[in-house]
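First the structure, in the form of structure tokens, and then the observations on it.
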Amino acid sequence: MGSIIHFEEIDSTNNYLKEHCSSLAHGTIVTADRQTAGRGRFNRKWESQEGGLYFSLLIKPQQTDFWPNFTQLMGLALCRAIEKLYPHTYLKWPNDVLADGKKLCGILSEGVLSGGKLEGMVIGTGVNVGQKTLPDVGQPATSLYMLGVQADKQLLLNDIMQYFWQDYPAVEAQGFAAICEPYKKRFPFIGKEISVKNGEKPLFGTVRDVSERGTLLLATASGQEEIYIGDLIV
């Protein structure tokens, strides 16, 4: 694990790494007790009360063909680490971690451009660890504490990063194919009817599979669709 920069309070751990990307090393992590401007995917607000584990990781891959799959690698690392504490934990494509049908972790990844080229990638993660209550975020949410689990945030972070780095070289070289099987093992929606929303009209269908590119294969009334980005709604 790389060096860790910790803040008691910051606007966003992602913002810090994006602003300092050029001067920070591959593998740098920024953690915070609280974020005042945390964000989720599609620019949603991420509530960051004290008690959660909030961190962002900076990576600077040499091979850039598979950048989107590093986010899925982080989702898998989160699920692997948390299922040791609470076994009823699983993935919701592309990278959310749920427990008992409620959101436990979220990820926001952002590329950093320099001179028109990708200089790095920031993977921001929020894990609901010690919160006793959670605000309404438009979907059911839970914390490890609310699930009856007492977790040490630093030990949990260490575990997450151990799983992330153990598969990082393979994902950098092969993309999602390197983690396809362990990912699908934790993705219980294959064969289920769902809808996917990506800012447009929801698409309804049955989940056929997750491809070796990490995309969602959805059987719809008009044929099979390959989904690259979106929100899976069950």
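The values are calculated or read from the model by the stated rules, or taken from the named source; none is laboratory data. Worth saying up front: this structure is predicted, and the values here are computed from it rather than measured. Cβ: placed from backbone, ideal geometry, glycine included. Neighbour counts: every protein chain shown. Just so you know, the surface numbers come from the protein's heavy atoms only, side chains and all, with ligands and any DNA or RNA stripped out. Shrake-Rupley method; radii C 1.70, N 1.55, O 1.52, S 1.80 Å.
Points worth noting:
- Breaking point among (1) at positive phi; (2) assigned to a helix (DSSP H, G or I), for G214: (2)
- A residue that is over 20 Å from E172 (Cβ atoms) and at pLDDT below 95 can be found somewhere in the range 109-125.
- L85 falls short on exactly one of the conditions (1) modelled with pLDDT of 95 or more; (2) open to solvent by less than 50 Å² (accessible area, probe 1.4 Å), and that condition is (2).
- Counted as qualifying within the range 90-150 are the strands (runs of 3 or more DSSP E) with 3 or more residues that are out of contact with any Cys (no Cβ under 8 Å at 6 or more places or on another chain), namely 102-114, 117-127.
- No other residue among L104, L157, L98 is under 29 Å from F66 (Cα atoms), free of Cβ contacts under 8 Å to residues at least 12 places away in the same chain and buried (at least 19 other Cβ atoms within 10 Å of the Cβ) apart from L98.
- Residue in the range 132-154 that is within 19 Å of F66 (Cα to Cα), surrounded by 18 or more Cβ atoms within 10 Å (Cβ to Cβ) and touching a residue at least 60 places away in the same chain (Cβ under 8 Å) present: no
- Some residue of the range 94-109 being of a type in the set (S, T, Y) and out of contact with any Phe, Trp or Tyr (no Cβ under 9 Å at 6 or more places or on another chain): no
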